[in-house]
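The structure under discussion appears below in the form of structure tokens.
The values are calculated or read from the model by the stated rules, or taken from the named source; none is laboratory data. Since we're looking at a predicted model, the values are computed, not measured. Neighbour counts are summed over all protein chains in view; Cβ atoms, including those assigned to glycine, are modelled from backbone coordinates with ideal geometry.
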Amino acid sequence: MLVTGKAILKHAHENGYAVGAFNVNTMEQVQAIIEAAEETKSPVIIQASQGGLKYAGVEYIAAMVKTAAEKASVPVALHLDHGTDFKQIMLCLRNGFTSVMIDGSHYELEENIKKTKQIVEMAHAVGVSVEAELGKIGGTEDDISVDEKDATFTDPDEAERFVKETEVDYLAIAVGTAHGPYKGEPKIDFDRIKTIKERLDMPLVLHGSSGVPEESIKKAVSLGINKINIDTDIRMAFHRAVKKFISENPDVYDPRKILGPAKEEMKKVIKEKMIMFGSAEKAW
Ligand code: 13P
């Protein structure tokens, strides 16, 4: 069933676990995520970035995820990841997304508050939940890049003011993770997660979570992270399986034979994440 992002994350916040938010561009990714969610009995968020929507088309992504959600026995939310374009956010609302992110993190605080508030008012008017970002998360997510030297951690005082003034439903915080593959091990500021959670008492979001070791993920969840974004690890699973299949079967040209193993490999990775995040068996 298709539900709002808020319904999923309120349950996670109240019950102390995190839900995976997995990025999609293709049908096989949608199917891999839904099958993993059904098999682990996990609520799930399927999200598309602006680049993903440009590639597949917002109507295609919406139709695929809505079809998958209708057939599924677990709660599913359809979310826009890193929305920066007003028109595209409106297009997502029109196409039945149940959650959108307005990413105003590249603006100064006042402007970020103003932009976020505008989207919250419109999205809430049509029953759609909103995620915003405060602080700057490093790395590259599709068409958005933040140089590591420009990345800044979320300030708890600013976070309190930001949430009060914008009435956003969940907040992405910058605590040391980065989008894309890591060179070394990320250093996460766990105390900052704890402080922000205590002060805000609301669902918190961790971006750039691919490649973060299991103990760090579990610690972040125990301190209050409720939505965990994963893109790179799924892309890598896809690439690994396609590369292996083609090198072992260079003459097979049937897309189903090439993409079938990729779907299975992505599903395996996604199931492991769902168990790690604590969302398995939490579907209602
Ligand atoms: P990764 O690509 O590091 O998994 O980050 C995904 C993300 O945060 C999407 O917003």
_Please go through the range 230-255 and give me each residue that is over 18 Å from residue 209 (Cα atoms) and either touching a strand residue (DSSP E or B) at 6+ places or on another chain (Cβ under 8 Å) or assigned to a helix (DSSP H, G or I) (or both), ordered by number._
239, 240, 241, 242, 243, 244, 245, 246, 247, 248, 255
*Exactly one of (1) outside any strand (DSSP E or B); (2) more than 14 Å from the ligand (Cβ to nearest atom); (3) crowded, with 19+ Cβ neighbours inside 10 Å is unmet by residue 110. Its number?*
(3)
*Just checking, which of 187, 136, 219 is at pLDDT below 95 and either under 23 Å from residue 10 (Cα atoms) or touching a His at 6+ places or on another chain (Cβ under 9 Å) (or both)?*
136
*Which members of the range 113-124 meet the condition of being over 20 Å from the mean Cα position of the chain (by Cα), buried (at least 18 other Cβ atoms within 10 Å of the Cβ) and over 21 Å from residue 145 (Cβ atoms)?*
113, 117
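Can you tell me how many residues in the range 9-59 are assigned to a loop (DSSP other than H, G, I, E, B) and within 25 Å of residue 170 (Cα to Cα)? I'd like the intermediate steps shown before the answer.
Just the residues of the range 9-59 that are assigned to a loop (DSSP other than H, G, I, E, B), to begin with: 16-18, 24-26, 41-43, 57.
Then keep just the ones that are within 25 Å of residue 170 (Cα to Cα); that gives 16-18, 24-25, 41-43.
Result for the range 9-59: 8.
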*So residue 258, is it of a type in the set (Val, Ile, Thr) and either within 16 Å of the ligand (Cβ to nearest atom) or in a loop (DSSP other than H, G, I, E, B) (or both)*: no
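Here's the yes/no breakdown for (1) farther than 26 Å from residue 256 by Cα; (2) within 16 Å of the ligand (Cβ to nearest atom); (3) surrounded by 22 or more Cβ atoms within 10 Å (Cβ to Cβ); (4) not basic (Lys, Arg):
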residue	(1), (2), (3), (4)
11	yes, no, no, yes
20	yes, yes, yes, yes
37	no, no, yes, yes
50	yes, yes, yes, yes
57	no, no, no, yes
72	no, no, no, yes
82	yes, yes, yes, yes
94	yes, no, no, no
*Examine the range 264-281 for a residue that is under 27 Å from residue 51 (Cα atoms) and more than 20 Å from the chain's Cα centre (by Cα), and state whether such a residue exists.*
yes
_Quick check on residue 50: is it at pLDDT 95 or above and closer than 24 Å to residue 116 by Cα?_
yes
